[in-house]
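A short write-up of the structure that comes next.
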Amino acid sequence: MSSSPKPEVRSYRNYIGGQWVKSSTGETFPVYDPSTEEVIANVAAASSADVDRAVGAGRAAFDSGPWPQTTAQDRGRILFGLAAKVRENAAMLAELESRNTGKPIVEAEFDIADVATCFEYYGGLANKVMGNVLPVPANALSFTLREPVGVAGQIIPWNYPLLMAAWKLAPALAAGCTCVLKPAEQTPLTALEFASWLEGVGVPPGVVNVINGVGETTGAALVAHPNVDKIAFTGSAAVGKLIVKSGADTLKRVSLELGGKSPNVFFADADWEAAVDGALFGVFINQGEVCSAGSRILVERKIYSKFVEAMTEKTKRIKLGPPRERDTKMGPLVSKEQYDRVTFYLEIGKKEARLAVGGSRPKQFSKGYYIEPTIFYDVDNSARIAREEIFGPVASVIPFDGEKDAIRIANDTPYGLAAAIWTRDIYKAFRVVKSFRAGIIWVNHMQPTYVEAPWGGYKQSGFGRELGPWGLEEYLETKQVFVNLDETPIGWY
Ligand code: ADP
Ligand code: MG
């Protein structure tokens, strides 16, 4: 292992109203490098008073501040400025993201490039928001205005920390909203570095506030706050349900991107090499800590045994390693909590199904939250490891007989985020595409994600869509305006 000097343990505050402020209670919490289990930063925990201050700053910047009056062109330019900052600092951000999450550096570099692309996309979209003129049957002019929804509370997960922040900040700012962002408590560092550039590129104070702390206190205070107009959340289904309930008291607009148990379906006529590769990529990328992970691998019985064998052999060669080594393909899980959760499911899986490969902690690491990439096979779709989101490098392989059976098993899940199908038969491919009950479908691939295309789920995977124009819609209200052109009195009374 390389023995680069230890980076200093840095301290971060919350970013509220354009200033770096300490916690009102003085409380801080540690942030870890999951590959060494060492503390790499201490971060101020936002109390409910701090949340109130951040929402107040967002409210003031929206109600009486310059942001909604800034022209759409100028907001677009500012977003391009943010993208440029991200590109200038890409190496630092990727290093920090990899250090804090445990993800391989090469994957972190892709994430950071996507962050910049996201700000560029919504920078371009800012001045393309348009209303309609409506053909009402009256001597009148009827039209719509598209207006920002107000103060947006944005709650972010730890698997793609800065990218998930970008998916929410960029469209909100393009729309003219102000933001209170709460990163995941495990991984707040890149969002805090990002916040340090806001003022310099022209984002006025209060337009973006970043508050830190655990979900149960800081996050819950943000969701309950009466002056927040909208909550955008990405995370677990359990917390998504809490947010809908708590948000109901003030009838907040809510958009949710929750988990999944996405099927990755392989027919016997699929391109063999691509299919085996695609099965592993679909479930193991980012240590399997992916909401759209293809964690149910459905394989047509004709190729089932051979496919399990080929996946197993290839999985044995996946290189686990320190996240900053460039040939590392899998790093540690993000936290002790996540390591324990995945370990718990490994034990369940060993009782419910047969283990092809993996299933424990890799022997070569004395520290770090590493888990071997794991494949269970002969999994029944009613098993817990086929129904519950694990959020780790754990695949459940399920055999099927023919197209109908594949569709039935694929859709037999409470979730509906994503699905993929592998075949060379285009009739079959499109029939299955139409049959899947999920928001994102891939054919002969799994996971590619582009800012131009909508992202979000059916069923218990949430509601609302991020990315593309759909992502901007989530931050807009529609105002209809009726202008009477007929000067004669109504004459009713
Ligand atoms: P995980 O359990 O894998 O960390 P969560 O859904 O709990 O996933 O976390 C996703 C985000 O939601 C994090 O930013 C977390 O702090 C936040 N969060 C967790 N619980 C709540 C809650 N009750 N209210 C608001 N936010 C929460
Ligand atoms: Mg949680």
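Points worth noting:
- Measuring nothing but how far apart in sequence close Cα pairs (under 8 Å, 6+ apart) lie, relative to its length, the chain scores a relative contact order of 18 percent.
- Accessible area per residue for the stretch 253-402, computed on protein heavy atoms with a 1.4 Å probe, is 38 Å².
- A P(r) calculated from all alpha carbon pairs of the stretch 360-455, with 5 Å bins opening at zero, reads 2, 11, 17, 21, 18, 13, 8, 5, 3, 1, 0 percent.
- For N42 and K241, the FRET efficiency from 1/(1 + (r/R0)^6), where r spans their Cβ atoms and R0 equals 25 Å, is about 0.20.
- Under Karplus coefficients 6.51, -1.76 and 1.60, residue-wise ³J(HN,Hα) of the stretch 353-364 in Hz, glycine/proline x: 8, 9, 9, 8, 7, x, x, 8, 7, x, 5, 6
- Evaluated on the stretch 381-424, the Kirkwood hydrodynamic radius is 11.8 Å, with distances taken between all distinct Cα atoms.
- Cα long-axis angle, helix 161-175 against the chain (0 to 90 degrees, to the nearest 10): 30
- Proximal aspartates and glutamates to K245, defined as alpha-carbon separation beneath 17 angstrom and excluding residues fewer than eight positions away on the same chain: E216, D229, E257
- Between helix 105-125 and the chain: long-axis angle, C-alpha atoms, 0 to 90°, nearest 10: 30
- Cα-projected label distance for F365 with D405, points at 7 Å along beta-carbon direction, nm: 3.8
- Relative contact order (%) - the stretch 29-82, alpha-carbon pairs under 8 angstrom, separation at least six: 18
- Projected-area average for the stretch 35-93 over all orientations - Cα convex hull basis, square nanometres: 6.7
- Only Lys, Arg, Asp and Glu carry charge here, each on its Cβ (+1 for the first two, -1 for the last two); on that basis the stretch 253-315 has a dipole of about 320 debye about its Cα centre.
- Put simply, the C-alpha atoms of the stretch 117-266 give a gyration tensor, and the ellipsoid matching it has half-axes of 28, 21, 18 Å, longest first.
- Net charge of Cβ neighbours under 15 Å - reference T218; Lys, Arg +1; Asp, Glu -1: -1
- Computed E for S382/L251 - FRET, C-beta separation, R0 45 angstrom, nearest 0.05: 0.75
- Beta bridges per DSSP with both ends in the chain, % antiparallel, nearest 5: 40
- The residues of the stretch 7-101 present an accessible area of 46 Å² per residue when probed at 1.4 Å with all protein chains retained.
- Pairs of Cα atoms in the stretch 246-307 fall into 10 Å distance bins, from 0 up to the last occupied one, in shares of 20, 37, 20, 12, 9, 2 percent.
- Convex hull (Cα only) mean projected area of the stretch 104-158, reported in nm² to one decimal: 6.4
- The C-alpha atoms of the chain define a longest principal axis, and helix 304-316 lies at about 80 degrees to it.
- Cα gyration tensor shape of the stretch 1-147, rounded if a/c is under 1.5, else prolate or oblate by comparing a/b with b/c: oblate
- Shape category assigned to the stretch 141-182 from the gyration tensor of Cα positions, a/c cut at 1.5: prolate
- Percentage of interatomic Cα-Cα distances in the stretch 66-105 larger than 11 Å: 67
- In the stretch 329-486, taking the dipole from charged Cβ atoms about the Cα centre, the farthest positive-side position among F376, S461, G392 is held by F376.
- Diagonalising the gyration tensor over the Cα atoms of the stretch 145-229 and scaling each eigenvalue by 5 before taking the square root yields semi-axes of 19, 17, 11 Å, largest first.
- The chain - Rg and Dmax from Cα coordinates, angstrom: 23.9, 88
- Simple Cβ-charge dipole of the stretch 201-318, Lys/Arg +1 and Asp/Glu -1, about Cα centre, in debye nearest 20: 280
- Each principal axis of the Cα cloud of the stretch 289-357 was evaluated for its coordinate range; sorted largest first, these ranges are 40, 29, 21 Å.
- Note on E88 and T25: the model spin-label points, each 7 Å out from Cα along the C-beta direction, lie 3.7 nm apart.
- In a reduced charge model with +1 at each Lys and Arg Cβ and -1 at each Asp and Glu Cβ, the chain shows a dipole moment near 700 debye about its Cα centre.
- Within straight-line cross-link reach of K434, aspartates and glutamates at Cα separation under 14 Å, skipping those fewer than 8 residues along the same chain: E403
- Loop-located chymotrypsin sites (Phe, Trp or Tyr not before Pro) across the stretch 376-484 with a Cβ neighbour count of 12 or fewer within 10 Å are Y450, with loop assigned by DSSP.
- Taken as Cα centroids, the stretch 128-169 and the stretch 370-439 sit 34 Å apart, rounded to the nearest whole angstrom.
- Cross-link pairs exceeding 27 Å in C-alpha to C-alpha distance, out of K306/K404; K261/K363; K168/K350; K314/K367; K6/K319; K350/K428, comprise K261/K363; K168/K350; K350/K428.
The values are calculated or read from the model by the stated rules, or taken from the named source; none is laboratory data. Given the structure is predicted, the values throughout are model-derived calculations rather than measurements. FYI the Cβ positions are ideal-geometry reconstructions off the backbone, even for glycines, and counts take in every protein chain you see. These accessible areas exclude ligands, DNA and RNA; they are computed on the full protein's heavy atoms, side chains included. Shrake-Rupley method; radii C 1.70, N 1.55, O 1.52, S 1.80 Å.
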